[in-house]
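Below: one structure, written as structure tokens.
The values are calculated or read from the model by the stated rules, or taken from the named source; none is laboratory data. The model shown is predicted, which means the values in this text are computed figures rather than measured ones. Using ideal geometry, Cβ is built from the backbone for each residue, glycine included, and neighbour counts are taken over all protein chains shown.
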Amino acid sequence: MSEVHDDIEASRAPLLDHLIELRARLIKSLIAFLVMFVICFAFAKEIYNILVYPYVLAADDGSPIELIYTAPLEYLFTQIKIAVFGASFCSFPIVATQIYKFVAPGLYNNERAAFRPYLVATPLLFLLGASVVFFIAMPVVMKFSIGMQQAAGDNSAAIKLLPKVSEYLSLIMTLIFAFGVTFQLPVVLTLLARAGFIDSQFLKDKRRYAVVLVFILAAVLTPPDVISQLSLAIPAWGLYELSIFAVMMVERKVAEKDDASTDVTHV
């Protein structure tokens, strides 16, 4: 009976150590988020002015840009949303590092080496997706919206675009999130290839289904307009083709490693 009790106590100790370490990692991640939140909230107006730049870029005729808010605290809550969104993005490297440090002791050296590049690729691809939104997708959407305005006539009323600050922020945040997640496609597929779940031939065979799925996801993730959906679906399709090439590179490296191991065994 004492031996069973000792075994239970021995297994409980490592579990408590892991829980203590997990708590420490979570606290560090939370502190990083809160620090970034305070900084982003302090510069929320400046950040919002940067986010409005695609609207300014779309109105290239020099006409004044106006955004309105219709509730007393609407602009304040908009700034809080900006701070949360900015803090989530800015603190991600620290949070990802804490996750990696918690998981790394349970990985082999080759698994750690294979995992590290994705820690760098993930935020870079997200930033690339956000850049596509900022410089291409959002200006196109706003250009289209501006073009729908109507001047007053003898038998028609003037229809003018006056976006609300909260709705504009929701639109650009939705697009940034949708593009950022979609641009992770090469990371996800190459990880699945490393794990042996898929290969390049599988991706080639399922290309037609992938194209349909890409357009469905674009319709779900973006606002209900064709311009936003196409601006996401077309780059996502290109990323799928790039993922096939990336998976082929992974397969080539694995094959070279297997050949080298075989040669050493024969020697």
Requested in this report: Quickly run through region 100-135 and pick out the residues that are exposed (fewer than 13 other Cβ atoms within 10 Å of the Cβ) and not in a helix (DSSP H, G or I).
Outcome: 108
Query - Cross-chain or 6+ apart pairs with Cβ under 6 Å, region 233-262 first and more than 23 Å from residue 207 (Cβ to Cβ), then modelled with pLDDT of 85 or more and surrounded by fewer than 20 Cβ atoms within 10 Å (Cβ to Cβ) - result: none
Report task. For residue 129, state whether it is modelled with pLDDT under 85 and more than 16 Å from residue 219 (Cα to Cα). Result -> no
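Just checking, which of 96, 87 is under 22 Å from residue 38 (Cα atoms), buried (at least 19 other Cβ atoms within 10 Å of the Cβ), of a type outside the set (Lys, Arg) and touching a Leu at 6+ places or on another chain (Cβ under 8 Å)?
Numbers: 96 fails: buried (at least 19 other Cβ atoms within 10 Å of the Cβ).
Residue meeting the stated conditions: 87.
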Query - Identity of the residue in region 29-54, of a type outside the set (Val, Ile, Thr) and in contact with a Cys (Cβ under 8 Å, 6 or more places away or on another chain), that ends up nearest to residue 81 (Cα to Cα) - result: 40
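What are the residues in region 27-38 that are surrounded by 14 or more Cβ atoms within 10 Å (Cβ to Cβ) and among the aliphatic types (A, V, I, L, M), if any? Full working, then the answer.
Of all residues in region 27-38, those surrounded by 14 or more Cβ atoms within 10 Å (Cβ to Cβ) come to 28-29, 32-33, 35-37.
Across region 27-38, the qualifying residues are 32, 35, 36.
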**Report entry** Residues located in region 89-109, provided they are within 14 Å of residue 28 (Cα to Cα) and of a type in the set (Ser, Thr, Tyr)
**Finding:** 91, 97, 100
Query raised in the report: So, in region 154-183, of the ones that are outside any helix (DSSP H, G or I) and aliphatic (A, V, I, L, M), which residue ends up farthest from residue 78 (Cα to Cα)?
Result: 157
Query - Residue in region 143-199 that is farthest from residue 229 (Cα to Cα), counting only those that are surrounded by fewer than 17 Cβ atoms within 10 Å (Cβ to Cβ), under 24 Å from the mean Cα position of the chain (by Cα) and of a type in the set (Gly, Ala, Ser) - result: 195
Report task. Return the pairs, sorted by first residue and then second, in which the second residue is in a loop (DSSP other than H, G, I, E, B), the first residue lies in region 188-200 and is at pLDDT 80 or above, the beta carbons are less than 7 Å apart, and the residues are 6+ apart or on different chains. Result -> 189/198; 192/198; 193/199
